[in-house]
Every structure is written in structure tokens, then in C-alpha cells.
1. Among the residues of region B:1-48, write down those that are more than 7 Å from chain A (Cβ to nearest Cβ), assigned to a helix (DSSP H, G or I) and open to solvent by less than 30 Å² (accessible area, probe 1.4 Å).
2. Among the residues of region A:416-443, how many are within 13 Å of chain B (Cβ to nearest Cβ) and either open to solvent by less than 30 Å² (accessible area, probe 1.4 Å) or modelled with pLDDT of 90 or more (or both)?
3. A:N283 fails exactly one of the following numbered conditions: (1) surrounded by fewer than 20 Cβ atoms within 10 Å (Cβ to Cβ); (2) assigned to a helix (DSSP H, G or I); (3) modelled with pLDDT under 95. What is the number of that condition?
4. Out of all the residues in region A:474-484, is one or more within 11 Å of chain B (Cβ to nearest Cβ) and among the small types (G, A, S)?
5. Which numbered condition trips up A:D462, out of (1) modelled with pLDDT under 95; (2) within 11 Å of another protein chain (Cβ to nearest Cβ)?
6. Given the structure, is A:G413 at pLDDT below 95 and either open to solvent by less than 50 Å² (accessible area, probe 1.4 Å) or within 25 Å of A:M285 (Cβ to Cβ) (or both)?
Amino acid sequence: MKNQISETAVRGSGTEVPQATPEELELLHRYWNAANYLTVAQIYLQENPLLREPLAAAHIKPRLLGHWGTSPGLSLVYAHLNRLIRCTDAEVLFVAGPGHGGPAVIANVYLEGTYSEIYPNVSPDKAGLRRLIRQFSTPGGIPSHVGPPTPGSIHEGGELGYALAHATGAAMDNPGLIVACVIGDGEAETGPLAASWKAPAFLNPARDGAVLPILHLNGHKISGPTVLGRQSDAQVSALLTAQGWDPVVVSGRDPLTVHAAFADALGQAHDRIRNLQKRGRGNGMSGPAPWPAIILRTPKGWTGPASVDGVPVEGTFRAHQVPLAQVRENPLHLAQLEAWLRSYKPETLFDDEGRLAPELSALAPRRDRRMGASPSAGGTSGVAPLNLAPLENYALEVGVRASTRHETTRPLGEMLRDIYTDTETDPRFRLFCPDETNSNRLGAVFEVTDRCLLEEADDGGDHIAPDGRVMEVLSEHLCQGWLEGYVLTGRYGLFATYEAFAMVSASMTIQHAKWLQHARELPWRRPVPSLNILLTST
Amino acid sequence: MRVYLPPDANTLLAVAEHVLQSHNYVNLLVVDKQSHPQYLTLAEARAHAAAGASIWPWAGNEPEAARKLHAQPDVDDRTPHVERPFDPASRPDPDIVLACAGDVPTEEVLAAAWLLQRQVPSLRVRVVNVLDLLVLPPRDVHPHGLSDTEFDRLFTRDVDVVVAWHGYARAFHQLLHGRHQPERFHVRGYNEQGTTTTPFDMVVLNRMSRYHLVVEALHRVRGQFAGAEALIAHCGQMLRRHDEYIREHLEDLPEIAQWVWTPPEP
Ligand SMILES: Cc1ncc(C[n+]2csc(CCOP(=O)(O)OP(=O)(O)O)c2C)c(N)n1
């Protein structure tokens, strides 16, 4: 599958991703237009999905709910990842930090075909397109956020902050996987996301997959600016560099320029990931890997209405949700929406039957590599069950009841130790803990493994090694977020934490429980290992 | 969502074996990392984990026959309950049920049961340990909820139940909502009291110590029992002694710190 698009224009030696030709960029741009068109159509339309008739107020949904602002950024990244996958055959998992951009992610899994395979009703034709737009954010339809019903997703839109932690957990012990993680500059202000930048200190290129953060600086949150959005490229780059990343900046508002630069940045990031892994897997590296990261600076609500009622919208916070709010009542808004939709030239993207133009369909990766069909997001497929030794190996002799005292968690430590030994050749278990493994009397695990840390050890360290499999970091959010990413991609684990601080990540627990509850109702989602939390008190 | 409070190491192992291999749940396991008395053999721990909550017959003093009689399940959950006149001799039920959830509360409940049986031998005490917290709500609220028959077999239908548990008392009451006569459950739990003090002082400050539980139990039982007055006085005295002792010695009274269960003489 390598270099399927073009055999020419290969930059440098060893690169797997050829530079995109102008024709390729033009196609990518049209694919992006298709995704943007379907995003706007989902937010606004209940009829006339192909816009073959003049737009009328009756075609507009009575209640307009959805997030436009982040969507063009998500779709840009998704379309370019498709190309990367076609060029390299990499397995890529897509994590949308701005999960409120549900219509963009749905547009993309629809365009690549996975959506219609899972939901045959929403077929790749006119009738399916009509269902696609009508179901979005409507009663009996689908939520406006990314969630369990979204193919290829392991990350719920809602409470912001956990995208990069989930991505990092998903990459652990998944050596072939690249997790592309879009992070909003608003989400980047949260504590958990700020903590998550430490991933390079914990991701070992020899055994783990890669996380590719794409920090999307569209400059605004719901109604105010973002800190990173106001900072210079140098400042934002320094933030990431200080945490061990090797960032590049792509910025602009002219689509074709950004397409070219982003395709380049993505190709280079991929090559650097593979080089780091090659070196790490060939004993050629020590210390944390300088993983690539992309800082993407594009306008919020890009390609949407520049201004509404004389007030600027594109590139401002006003683009966050529904930029034109009075479409049914205000003919000017209706006309503006129609012009906006037609700016994507839907008649050149879909035929009269609602089928995507063949040259655009061809831009989706091969069947099994489509991000909406990611096996990592699909549950336990391919992951072996956990085998436990007989409990007799660890059980205490009780004798006269309640007459001898013992630390209750110590035998559990021995059990975990043996799980580590048993999974050594097929790693699928990790213990996550904010620096308390010993104090929780689980220290037996250190007979067979260490604390994971890629930073060079100083002489005072105890059981610290780059290939250690006990994940200790003093952030309950990170411990739990990593474990969630790990179990949602089919592996097993335990988060051991002090009960007194359990509330730190309690809202994550609730969000995860809701995910499981919803996922259970979807037959195409396989069961995932449970999220196990050991709360210890003193 | 599953919440387990294993009272000892073997029970923790039995629960861990289950949760680590399970799918699609959030499992919370609550344990104390300090040393605690160990109660169950591995086989018993497995049975206890499978049941979620059980009577610990060795920790109570109900006559074997009474327990057996009561263990016959009702034919039908909907069989109307017939109020029996109070007749201590003929009643199969115990006089009081002591229930516990969590390792520290379990130790206090056992010590309370031990004191009651020694000092008030005519009192019939039952000890129930709740390992899986979500057996408490009715089954239509949570899939682990016990049927009413099973629930009543553990807690009886109308005997008072003194509960010591690891969390907030009101949270326990919330779980009991929908059970028969929930007002007969008298719950002691963590009440945000205590910081850096001795382990036993923590349970004293949260009014969940063995002495508080004994006094509560004797206050709730119906009928007169020889030795009850003296034991209540003893408990008050012990709480005062405890208070003085820890201030002076900065650690718990030896007879409390080193308390172990001894099986009652036959
Ligand atoms: C923890 C949390 N706080 C507040 C919100 C409400 N909220 C939803 S979207 C949003 C702005 C997000 O900005 P950003 O991450 O930059 O995304 P984008 O601008 O791309 O939409 C906020 C504050 C939330 N979802 N989660």
C-alpha cells in the first residue's frame, strides 16, 4: 500500500510519506469540503440534504444544537490522517479532544464508509444522507458529542481534559499503533490535560505505540480567548519542548497553503515516530524519545460565515456553536446559510443519488485501516484473557478466627506480581498508582518489574527503569486516564489510590461508567475489561 | 458500578480474582492497608464473595436450630408477613443484628458482638458482614440487589439492626431505601471526624467504636437482659479511660490495640 498516491516526489531517504502533489492537495481539499458540508448539514438541515432544491425555512431543524467552531479543524486532521494511513498502512486511532465536534467526526466516518456498515439505515445514498442529517441532535436520534455510538471512538465528548491521557493509555503496550490526539486550546487549560504532556517520560518506543498530539489553537473557547491561543508560536513550542516533545507549527487561513503544510508536517511526524521506534527497538536510544507533536493554528469556524449581522464570526468565539441562529425566522440568515452550504459545491461532491464522488471515496484508507474500524477501539478483539494463578498460592492461613493480624493488601501484591510475570511475553496488564505502590503494601510487584520512567535515573532511585511496568505518577487524573485508555483498548489493569483522594478523579469514574452503560447497548462494541480502582485508607 | 469492602486478605483475593478478569464494570475496592484481624479461610472467602453478604455464625450466638429454622426460605416473596407477638423463647430471630461493611467497622462489630455475648449471655446476637455494598438496594435498583427473601433472611424482617460501615451513614440509608422497615437500621459511619490521632480514636470520634455499638445495641433491643446495665456502664467507663490514656501515652490502650477474638466458652 505504500506510496499508493504518487511514486514521485519522495523527500529524503527512508521517508514513507511522499510530498503531496497539487492534484492530491486539491482532492484532499474537496474531501475536507465534503466533511464540512456534512457537518453544517447535520447541524441545520432536516430535509434537502443534497441541496438540489433551493433552501427553504421548512428544511431547517426547529432546534439547532451542535458545535461548528471546532469541526473544520477536526475534519482537516481526519482527512490528512486518511492520507497518511494510505501511504504507510499505519494503524491509527483517532482521539477527538474537542468531542463536542461530533458532527465532524460523524461526517468523516460516514464518508469513509464505516458508519453505514455499522448503521445500515444511514446508507451511502440519498435516503441515508437524509437520515444522517435528521438523526443529529434530535429526539430519538444521536447526541451531538462523540461517544460510544461513534465508530472508532474510545473518548467521550463532554467533560474536557482527558484526551491526551486516554491517548497515552491506548498507546501503552500497543507497539504498532499511532494515536492521533486532537487537543483544543481550551481543553489545554484544564489541569488533567496540562499534566498529560508528561507522556514522553512514560512512553517507551521499544514497546509502546506512539501518541501524536495535534494541539489545535483556534484561539477561543465558548465566549473567551484561550491562553495558548494568545501566545506566540515560540512560547507554545517551548511549553511542549519542555515536556519532551519535538513540536512543529502549522498555521494559516488559506486552505491550500495549510493543506500543503499539514500534509508535510504529518508525513515528517510519521517518519520521526518510526525512526524513534526503530532506534528504541534496536537498543539505539536512552532517555525519553523526542516524540513529534503538531501545533495547528487555524481560525475557529474556518470556512463558516465571516460575519453575521455585521458582527465578525469566523475566527472568533462566536463560531463555537451555531453561528447563524435565526435561520428559520430571518431570511437573511437563511440566505447566508444557503451560500455557506453551497460554498462547498455539494453538487461536485455527491451525485444526484447522494453517492460520494469516486475520486473522493478513493481517499479513504483500505477497509481494515479506516479509523472508524480501528480494532483498538473495538474492545477486546485479539487481546488474550488474563490468566490468574490459583488463589491458594496467596491465601492466608486463618487458624483461630480474628486472632491474628495481617496487612490485607499484601497478598494482593503477590497476585499482581505473578500477573506481571505471566504477561511478560504478551503484555496486557499494568498497575497505575500515584506513588503509593509500596505504601499500599503492593510492593511484591517490584520483585519482577520496576516503576516506569524514561528520564535518566539519579542514584537515589528505587526500582526505576524505562521498561518498568508499574505506572507511578502523582496525578490521579493521569493514572485513571491512562488506565481508561488502556482498558478501553482491551487490556487489563488496576488503579490503586488513597481513598482520601479518590474524589480527585471521581467525575472521571462517573463518565467512564456512563460510557460502559451506553456501550453495552451497542452490539458491535465488544466488552472491555473493567475499570478497577483500589481505594486504600490508612 | 460495583463497590466491594473486603474485610480481610482472603476475601480481597477472591474479589480481586473476579474483578481483574471481569468486563464492562467499574469496580471499586475499599480496603485499609494497616494490619487487621483475619477472619475467613479461602474457601469461606470465596463463598462470601459469591454471596456478597453473609451471616457469620461463629461471630454470633444464635442457637443453631433457630438459625436453621430461619434459613428456610419463604415459599414466595409476596407471602404476607404475619406479625408475631413478642415471645423471646419461641422467636427464631435474634434479639439484635450487628451488621458491618469495611475492615475497620468489621473489627469493631466483632468486638462489640464479643462484649455483648460475654457480658449479656442471654442476648441472642447475629453478625452480618456486607462485602458487596450493592446487595443492599432492591434488585430493581441494582442487579446485585438481594431478593427481599434473601435480604430478610440476613437481616430479619423486624429486628433492629445496628450497622457500622466505612462510608457516610446517610449513604447506607439511601441504599436501604425500598427495604422492609428501613427505620430499624441504625447506622454508624464516617462522619468527617478525626485527623491525626490513633486508629481507635478515629472510630471513637466517629461514634462507631465497639463501645458505641454495644450501647446502641442494648438501647435498641426489646426486653430486659441481665448484665445490660453493667455493660453500658462499662462502655462509658472504657471510653473515658481511652480518652485519658491516649492523651497521656499517645497510643491506644493495649487491650484495644491487641484485642483478638476468642471463641466464647460453650
Ligand atoms: C471540564 C469542562 N469544563 C467546561 C466545559 C464546557 N465547554 C464545552 S466546549 C468548551 C470550549 C472548549 O474549547 P477548546 O477545547 O479550545 O475546543 P474548541 O475551541 O476547538 O471548540 C467548554 C469550556 C467542558 N466541556 N468540560
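The values are calculated or read from the model by the stated rules, or taken from the named source; none is laboratory data. Since we're looking at a predicted model, the values are computed, not measured. In this analysis, Cβ positions are derived from the backbone assuming ideal geometry, glycine residues included, and neighbour counts consider all displayed protein chains. When the accessible area is computed, the model is the full protein with side chains, heavy atoms only, and any ligands, DNA or RNA have been set aside. Shrake-Rupley method; radii C 1.70, N 1.55, O 1.52, S 1.80 Å.
1. Selection gives B:T11, B:V15, B:A45, B:H48.
2. Of the residues in region A:416-443, 18 are within 13 Å of chain B (Cβ to nearest Cβ) and either open to solvent by less than 30 Å² (accessible area, probe 1.4 Å) or modelled with pLDDT of 90 or more (or both).
3. It is condition (2) that A:N283 fails.
4. Checked region A:474-484: no residue is within 11 Å of chain B (Cβ to nearest Cβ) and among the small types (G, A, S).
5. In the conditions (1) modelled with pLDDT under 95; (2) within 11 Å of another protein chain (Cβ to nearest Cβ), A:D462 misses (2) alone.
6. no
For every residue, the table says whether it meets (1) open to solvent by less than 80 Å² (accessible area, probe 1.4 Å); (2) of a type in the set (S, T, N, Q); (3) in contact (Cβ under 8 Å) with a residue 40 or more places away in the chain; (4) under 21 Å from B:P94 (Cα atoms).
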{"site": "B:V214", "(1), (2), (3), (4)": "yes, no, yes, yes"}
{"site": "B:V221", "(1), (2), (3), (4)": "yes, no, yes, yes"}
{"site": "B:A228", "(1), (2), (3), (4)": "yes, no, yes, yes"}
{"site": "B:H242", "(1), (2), (3), (4)": "yes, no, yes, no"}
{"site": "B:H249", "(1), (2), (3), (4)": "no, no, no, no"}
{"site": "B:L253", "(1), (2), (3), (4)": "yes, no, yes, no"}
{"site": "B:I256", "(1), (2), (3), (4)": "yes, no, yes, no"}
{"site": "B:W259", "(1), (2), (3), (4)": "yes, no, yes, no"}
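Rundown of residues vs (1) within 13 Å of the ligand (Cβ to nearest atom); (2) basic (K, R); (3) within 11 Å of the chain's Cα centre (by Cα), yes/no style:
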site	(1), (2), (3)
A:L93	no, no, yes
A:A104	yes, no, no
A:V109	no, no, no
A:V122	no, no, no
A:K126	no, yes, no
A:R134	no, yes, no
A:G157	yes, no, yes
A:L164	yes, no, yes
